[in-house]
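To keep things clear, I will list the structure first and then write my remarks on it.
The values are calculated or read from the model by the stated rules, or taken from the named source; none is laboratory data. The structure presented is a predicted model; accordingly, all values stated were derived computationally and were not measured. No Cβ is skipped: glycine too gets one built from the backbone with ideal geometry, and neighbour counts run over all protein chains shown.
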Amino acid sequence: METEVMTKEIEIHGYCEPRFDAVKETFADNFRSGGDVGASFAATINGRFAIDIWAGYADAARMRPWKRDTLACLFSTTKAMTVLSALVLVDRGLLDLDAPVANYWPEFAQAGKGAIPVRYLLSHQSGVAGFDERIAVEALYDWERITTLLARQKPWWQPGTQSGYHALTQGYMVGEVIRRITHRSVGTFFRDEIAGPLQADLHLGLTAEDDPRVAEMIPDPRFVSMGSLPEMVHRAMYPMVDQDNPVVFSRSRAWRAAEIPSGNGFGNAQAVARMASALVSGEVDGIRLIGEDTIEKAFQEQSYGVDMILGLPLRWGLGFILASKEMPFGPNPRTLFMGGGGGSAMIVDRDARLSMAYVMNNVIASALEGDDRAAALGRAVYAAL
């Protein structure tokens, strides 16, 4: 049953088990500090929601209340949707992680990439972290154009020797492998095989009829132009020639309609946490997406070192950042994370049988860049367990 609780001046909507009242207070603090304009946070334990709350406004003018079904652009948290789609195919025996990508996508063998295995795409080790040429943002909406460029692209380093965050390219490459196997786009496959069965309000390729539910993504005034980044990092994180603020793109119909499987998924915390709970046990409300063996593969370390693009010590699994001494994400070792630019985040802790998600519209930074909003909520959850 939905409840509404007034926490001082912040009206928080939704459901929260009493033992997690401190989480609700932390959520309110994110608003009091000016960090949040509109946001949602959710957590499941053993697949059941213990927390599902939201508050604030869906627009910068603070005229549209954030509602239960408000959607926001997830930016790189979208990668969890794409990676889970690939893991479903692994589980069904249709995708071999150790097979060359070119077995499924022959054109990918160009520029010396014939031996790169699928697992290198998921673990950001393929070396195809960006494009040698600058592209217009409209190119991101053209699947054939981007996948053709990626098939021709030469790796920036020896594949398998180190990781370098494939900020935009991972989703297209994994998505093309999914398309070659299933004869469906990654957005269609995700809808049919994951979001639909789970009844999770997640979208990769958003229809116009959902636009009224979409929150306005708000660029923080402290946003730093990516033009100040080193050249390789800039080309990987932001290869477009048009503008230096990705928040602007997320407001356009063209961006929302496209399938950019590294960065333009739309959803809310409830939906992300529900999807994430499938990585706890593989089964959600009797719906089994993946088996135990495949989940274990997702938690197996693929690389561990300073990521060439993000410049941080990262321990990569199959598509997710794994807990490490530098980035524990919580008290338990079997924990994985995926986050998006601006602050959205997803955590799965198999030891605690826990999934958590935070989705917002005030774009500040990512959790890896020091944005503490999601981390503060996570700490409050663990303190209450």
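Looking at the range 265-293 only, could you name the residues that are under 23 Å from ASP211 (Cβ atoms) and over 20 Å from the mean Cα position of the chain (by Cα)?
Initial filter on the range 265-293 (under 23 Å from ASP211 (Cβ atoms)): 265-272, 274-275.
Result: no residue meets the conditions.
Just checking: which of the strands (runs of 3 or more DSSP E) contained wholly in the range 5-72 hold 1 or more residues that are among the small types (Gly, Ala, Ser), in contact with a strand residue (DSSP E or B) (Cβ under 8 Å, 6 or more places away or on another chain) and within 23 Å of ASN264 (Cα to Cα)? Even if it seems obvious, please write down each step before you answer.
On the way: elements: 10-16, 38-45, 48-56.
Of the strands (runs of 3 or more DSSP E) lying wholly inside the range 5-72, those with at least 1 residues that are among the small types (Gly, Ala, Ser), in contact with a strand residue (DSSP E or B) (Cβ under 8 Å, 6 or more places away or on another chain) and within 23 Å of ASN264 (Cα to Cα) span 38-45, 48-56.
I want to confirm something. Restricting to the range 330-385 and keeping residues that are among the aromatic types (Phe, Trp, Tyr) and closer than 21 Å to ARG48 by Cβ, which single residue is surrounded by the most Cβ atoms within 10 Å (Cβ to Cβ)? So that I can check it myself, show each step before the final result.
From the range 330-385, those among the aromatic types (Phe, Trp, Tyr) are 337, 358, 382; that's our starting set.
Now restrict to residues that are closer than 21 Å to ARG48 by Cβ: 358, 382.
Numbers: TYR358: 32, TYR382: 17.
That would be TYR358.
Condition test on ASP293, is it at positive phi and surrounded by fewer than 23 Cβ atoms within 10 Å (Cβ to Cβ)? So that I can check it myself, show each step before the final result.
On the way: at positive phi: no; surrounded by fewer than 23 Cβ atoms within 10 Å (Cβ to Cβ): yes.
Criteria not met by ASP293.
With the requirement that a residue be closer than 22 Å to ARG288 by Cα, more than 20 Å from the chain's Cα centre (by Cα) and of a type in the set (Gly, Ala, Ser), what does the range 47-69 give you?
ALA50
Looking at the range 37-60, can you tell me whether even one residue there is more than 20 Å from LEU354 (Cβ to Cβ) and among the aromatic types (Phe, Trp, Tyr)?
The initial filter retains those residues of the range 37-60 that are more than 20 Å from LEU354 (Cβ to Cβ), namely 37-38, 55-60.
Now narrow it down to the ones that are among the aromatic types (Phe, Trp, Tyr): 57.
Within the range 37-60, one or more residues are more than 20 Å from LEU354 (Cβ to Cβ) and among the aromatic types (Phe, Trp, Tyr).
Taking the range 216-233, which residues are closer than 18 Å to ILE260 by Cβ and modelled with pLDDT of 75 or more?
MET217
Pairs please, first residue from the range 272-295 and assigned to a strand (DSSP E or B), second anywhere and of a type in the set (A, V, I, L, M), Cβ atoms under 7 Å, 6+ apart in sequence or on different chains.
Sorted first by the residue in the range 272-295, then by its partner, the pairs are VAL284/LEU198; VAL284/ALA278; ILE287/LEU198.
Filter the range 148-170 for residues that are of a type in the set (S, T, N, Q), surrounded by 18 or more Cβ atoms within 10 Å (Cβ to Cβ) and within 23 Å of the chain's Cα centre (by Cα); which is farthest from ARG315 (Cα to Cα)?
If we filter the range 148-170 for residues that are of a type in the set (S, T, N, Q), which is where we start, we get 148, 153, 158, 161-163, 169-170.
Restricting the remaining residues to those that are surrounded by 18 or more Cβ atoms within 10 Å (Cβ to Cβ) gives 153, 163, 169-170.
Within this subset, residues satisfying the condition of being within 23 Å of the chain's Cα centre (by Cα) are 163, 169-170.
On the way: SER163: 9, THR169: 19, GLN170: 17 Å.
Once the filter is applied, the top-ranked residue is THR169.
Restricted to the range 130-163, and to residues that are in a helix (DSSP H, G or I) and among the small types (Gly, Ala, Ser), which residue is farthest from ARG256 (Cα to Cα)? Lay out the reasoning, then the answer.
Narrowing the range 130-163 to residues in a helix (DSSP H, G or I): 137-141, 143-152.
Imposing the further condition that a residue be among the small types (Gly, Ala, Ser) reduces the set to 139, 151.
On the way: ALA139: 14, ALA151: 25 Å.
Looking at the filtered set, the residue picked out is ALA151.
Considering (1) in contact with a strand residue (DSSP E or B) (Cβ under 6 Å, 6 or more places away or on another chain); (2) closer than 16 Å to ARG235 by Cβ, say which one ALA139 fails and leave the rest.
Exception for ALA139: condition (1).
Quick check on my filter: what residues within the range 113-147 are surrounded by fewer than 23 Cβ atoms within 10 Å (Cβ to Cβ), under 29 Å from ALA254 (Cα atoms) and out of contact with any Phe, Trp or Tyr (no Cβ under 8 Å at 6 or more places or on another chain)?
PHE131, ASP132, GLU133, ARG134, ILE135, ALA136, GLU138, ALA139, ASP142, GLU144, ARG145, listed by residue number.
Rundown of residues vs (1) over 24 Å from GLN162 (Cα atoms); (2) in contact (Cβ under 8 Å) with a residue 12 or more places away in the chain, yes/no style:
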residue: ALA111; (1), (2): no, yes
residue: ALA115; (1), (2): no, yes
residue: TYR120; (1), (2): no, yes
residue: SER123; (1), (2): no, yes
residue: PHE131; (1), (2): no, yes
residue: VAL137; (1), (2): yes, yes
residue: TYR141; (1), (2): yes, yes
residue: GLU144; (1), (2): yes, no
residue: THR147; (1), (2): no, yes
